[in-house]
Amino acid sequence: MYEFEIQNMTCGHCASTVEKAIEAADPEASATIDLTARTARVQSKLEPAAIKAAIEKAGYPSSFKHI
């Protein structure tokens with residue numbers, strides 16, 4: 001399980017975009033987006049850097065938090 005702090009995620013559309021970006025990178029990933037905390041918890045077989053890259057490609061700077 002990985003957790004990412006996501007900057008500039010301010011609305012439901014943003015959260016949906018982040019979730020879709022994660023699922024596009026890994027269709028088997030499970031993502032829980034917390035809009036209030038501006039975080040995404042992700043269960044994925046991919047390395048955190050790959051998930052981070054997908055989130056940032058969607059336009060949302062992020063930072064990885066190891067949990």
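Considering only the other residues whose Cβ falls under 13 Å of the Cβ of Glu19, what net charge follows from Lys and Arg at +1 and Asp and Glu at -1?
-1
Out of the total accessible area of region 2-66 (probe 1.4 Å, heavy atoms of protein only), what percent is carbon and sulfur?
Ligands and nucleic acids excluded, carbon and sulfur give 50 percent.
Assigning unit charges at the beta carbon (Lys, Arg +1; Asp, Glu -1) and nothing else, what dipole magnitude in debye, to the nearest 20, does the chain show about its Cα centre?
Working: 7 positive and 9 negative charges, 22 e Å.
The dipole magnitude comes to about 100 debye.
Set the Förster radius R0 to 22 Å, insert the Cβ-Cβ distance between Phe64 and Lys20 as r into 1/(1 + (r/R0)^6), and round the FRET efficiency to 0.05. Display every interim value, and only then the final one.
Working: r = 19 Å, r/R0 = 0.88.
In this case the efficiency is close to 0.70.
Sequence gap at least 6, Cα distance under 8 Å: using those rules, report the relative contact order of the chain to the nearest whole percent. Could you put the intermediate results ahead of the total?
On the way: 110 pairs, mean separation 32.0, N = 67.
Result for the chain is 48 percent.
For region 2-66, report the accessible area per residue in Å² (1.4 Å probe, heavy atoms, rounded to an integer).
Numbers: 3780 Å² over 65 residues.
In whole numbers, region 2-66 has 58 Å² accessible per residue.
The values are calculated or read from the model by the stated rules, or taken from the named source; none is laboratory data. It should be emphasised that the depicted structure is a prediction, and the values quoted were computed from it without experimental measurement. In this analysis, Cβ positions are derived from the backbone assuming ideal geometry, glycine residues included, and neighbour counts consider all displayed protein chains. Surface areas here come from the heavy atoms of the whole protein model, side chains and all, with no ligands, DNA or RNA. Shrake-Rupley method; radii C 1.70, N 1.55, O 1.52, S 1.80 Å.
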